[in-house]
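The values are calculated or read from the model by the stated rules, or taken from the named source; none is laboratory data. Everything quoted here is computed from the prediction, not taken from an experiment. Cβ placement follows ideal geometry from the backbone for every residue including glycine, while neighbour counts extend to all protein chains displayed. Keep in mind that these areas ignore ligands, DNA and RNA; they rest on the heavy atoms of the full protein, side chains included. Shrake-Rupley method; radii C 1.70, N 1.55, O 1.52, S 1.80 Å.
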Amino acid sequence: MPDLAAATRGRILFGGDYNPEQWPEETWHEDVRLMKDAGVNSVTLGVFSWSKLEPHPGAREFGWLDTLMDLMHDHGIGVVLATPTSSPPPWMGRLHPDTLPVTEDGRTEWWGGRQHFSHSSATYRRYAAAITEDLAARYGGHPALTMWHINNEYCTFDHGDQAAAAFRRWLREKYGTLDALNTAWGTAFWSQGYDSWDGILPPRLPHYMKNPTQVLDFRRFTSDMLLECYVAERDIVRRHTPHIPVTTNFMPLWFGQDAWRWAEEEDVVSVDLYPDPRDPLGAQNGALVQDMTRSQARGPWVLMEQAAGPVNWRGVNHPKPRGLNRLWSLQAVARGADAVCYFQWRQSRQGAEKFHSGMVSHAGEEGRTYQEVKQLGAELARIAPHVTGRHITADVAVLHDWHSWWAGAQDGRLSTRADYPDVLRAWHRALWEAHLTTDFAHPEHDLTPYTVVVVPQLYALTDAAIDNLLAYVRGGGTLVCGFLTGIADEDDRVRPGGMDARLRELFGIRTLHEWWPLDAGETVACEGFRGTLWSEEIEAAEDAETIPYQGGELDGLPAVLRRGRAWYVSTLPEPDALRDLLARIAAGAGVRPVLDAIPAGVEAVRRGDLLFLLNHGREAVTVEVPGSHRDLLSGSTMRDEVTLGRYGVVVLQS
Ligand code: GAL
């Protein structure tokens, strides 16, 4: 299968979504001039072009796209060509209401926005296949084509009648018999036993709480159905162009999609990333998504969308201060991206996103945004030959699994405050701040490449995953688990004893008596630190080493347990404490930070033989880097130390 290298050919792809159909043709010529000046070498065309390409059912209007493909090619700009299937034309909903999705409370999602398609609709799928087929036939041989971009941010749900029929088919395949389904769903509770497949529905709005396993299966089903839509289009383009890589752009840490599973079906993994410029943890949160995407890609990946300035979908939308766009773009490259792209090239004058930034803002060529984009384009071109295709080696893996997230994110929990993504972010942040390079992995992946494996929270684990964790520790690995791990099986059935017995034994937990969630603002004292969010009443086994809770109801009981190389943390330590704990455990296992004595707020990443240093602060800092190095960005040589200004970056080659 072709990979990203087939598209990059030694360059870092730089560019973005290009929506020329919103502009008169004169602007296209202005666009290519500005693109060339800025070093843009890749544009994504056609993401939302369906009504332009097929203005009436079955019609084909390719002339404008022919012109653009040629124009791009004439200027040496590659095209990532999108299938337009995420936003069907209005005629489709009007003529075929069966293509429209339905919400859990029975509302139809109408045209007039975007992403108003039912993944289960045979009509939608037929039209999507037809336009994909014709695009692939027409442009498969075009020299500008570098990559296929299927749909856009698959993220829809459907609770309508077609989805109900498809859900039943999916369940029949999974369970075979109604008895098996009734057992898995625990339908003995609240008189929910099914006597017929026809009685089964998507989890539509009930009077009171939903059946959790029904919800869990529906989430699995939705991810699978969207994946079927993706695979159908991928197979069409692949048949025409087996040498051109295929991708679809993920949303970061998106709830609705098992991205481990999806990534297996892609030639190239890409993601859209929009940290809030005002978020003091923007860099940490960005790094999490970058590490996760790199791990899904098992190598270089594509930053398909980011914003050059403000987005327009938060309550208050801030621009990026000078230098931040460069910093976060180079952060992505440091963490494995071989493409730095944006939504979108030119800021729209109309439509719902006219206040969302573009690489060319309303201020145009003279605007700061474009000027900074241009500088970045030149810098990416400079470092590209040394960077593209290079890998990152991590000694630490963080485990993450969508099924566990889905199982845990249900009504009827002991605390809605113990939100999984927050917990995941807190643990990853601790590793980031300890300057430990981390991959992500699925709990059933081979963990032997890692010295330390960290599980912030895996509420539901399969037996295979538990076996994998046990084998990992037996084989010499160090395992650190956070609270609410190993509680349920894959049907969301609580394991006997409230936590899997093998895991309890591993960590030295004799009895898990009660969970004690903490309220907002409430903390719990532990020896040497304070815990937040959660605490547990645990009786330790005799041979477990422990760090106790101090005072309160849990006084003297273990907050942290350790048995050999297995650690269990029953609360969420405050950020500095979690960082120090993980740094200590990693050091004990022989894992060193990227550099010693890195100032706070500086990020250090090794990619191939390069060392990236990024200053996320607004104050200048000096970093000790023994030896002599050349900074590929500035061309200057540095010895033993490097000073980084506000948002400063160096890419050092020794
Ligand atoms: C993404 C989407 C783009 C654009 C962007 C705005 O979710 O793929 O089309 O809407 O957000 O931030």
Restricting attention to the range 164-176, does a residue exist that is open to solvent by less than 10 Å² (accessible area, probe 1.4 Å), closer than 22 Å to residue 85 by Cα, among the aliphatic types (A, V, I, L, M) and under 26 Å from the mean Cα position of the chain (by Cα)? no
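Just give me the residues in the range 471-499 being open to solvent by less than 40 Å² (accessible area, probe 1.4 Å) and within 19 Å of residue 534 (Cα to Cα), in sequence order.
480, 481, 482, 483, 484, 485, 486, 487, 488, 498, 499
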Being more than 16 Å from the ligand (Cβ to nearest atom) and either surrounded by 19 or more Cβ atoms within 10 Å (Cβ to Cβ) or among the basic types (Lys, Arg) (or both) is the filter here, so list the residues in the range 230-240 that pass it. 233, 234, 236, 237, 238, 239
Residues 572, 554, 561, 611: which one is touching a Ser or Thr at 6+ places or on another chain (Cβ under 8 Å), farther than 27 Å from residue 472 by Cα and assigned by TED's automatic domain parsing to the domain that holds residue 437? 554
Just for the range 639-652: of the residues that are assigned to a strand (DSSP E or B) and surrounded by fewer than 18 Cβ atoms within 10 Å (Cβ to Cβ), which one is nearest to the chain's Cα centre (by Cα)? 643
Tally, over the range 324-346, of residues that are within 16 Å of the ligand (Cβ to nearest atom) and either open to solvent by 10 Å² or more (accessible area, probe 1.4 Å) or part of a strand (DSSP E or B) (or both): 7
Scanning the range 1-53 residue by residue, those assigned to a helix (DSSP H, G or I) and among the aromatic types (Phe, Trp, Tyr) turn out to be 28, 50
Kindly list, by first and then second residue, each pair from a residue in the range 605-618 that is over 14 Å from residue 294 (Cα atoms) to a residue that is in a strand (DSSP E or B) and open to solvent by 40 Å² or more (accessible area, probe 1.4 Å), limited to pairs with Cβ atoms under 7 Å and residues at least 6 apart or on different chains. 609/653; 610/653
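In contact (Cβ under 8 Å) with a residue 12 or more places away in the chain, crowded, with 23+ Cβ neighbours inside 10 Å and within 16 Å of the ligand (Cβ to nearest atom): is that true of residue 309 in this structure?
In short, yes.
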Here the qualifying pairs (Cβ atoms under 6 Å; residues six or more apart or on different chains; first in the range 528-543 and farther than 23 Å from residue 579 by Cα; second part of a strand (DSSP E or B) and open to solvent by less than 30 Å² (accessible area, probe 1.4 Å)) come out as 538/509; 538/512; 538/558; 540/558; 540/561
Matching residues in the range 128-137 (crowded, with 17+ Cβ neighbours inside 10 Å and within 14 Å of residue 46 (Cα to Cα)) number 5
Need pairs with beta-carbon distance below 6 Å; first residue at negative phi and within the range 36-54, second of a type in the set (Phe, Trp, Tyr); sequence gap 6+ or separate chains. 40/14; 41/14; 43/18; 45/18
How many residues does the range 43-55 hold that are away from the ligand (no atom under 16 Å from the Cβ) and more than 13 Å from residue 88 (Cβ to Cβ)? 0
Condition met for residue 299 (away from the ligand (no atom under 16 Å from the Cβ), more than 22 Å from residue 36 (Cα to Cα) and in a loop (DSSP other than H, G, I, E, B)): yes
Given the options 198, 161, name the one that is closer than 30 Å to residue 233 by Cβ and out of contact with any His (no Cβ under 7 Å at 6 or more places or on another chain). 161
For residues that are of a type in the set (A, V, I, L, M, F, W, C) and within 24 Å of residue 602 (Cβ to Cβ), tally how many sit in the range 429-476. 8
Filter the range 23-50 for residues that are in contact with a strand residue (DSSP E or B) (Cβ under 8 Å, 6 or more places away or on another chain) and open to solvent by 40 Å² or more (accessible area, probe 1.4 Å) and give the result. 23
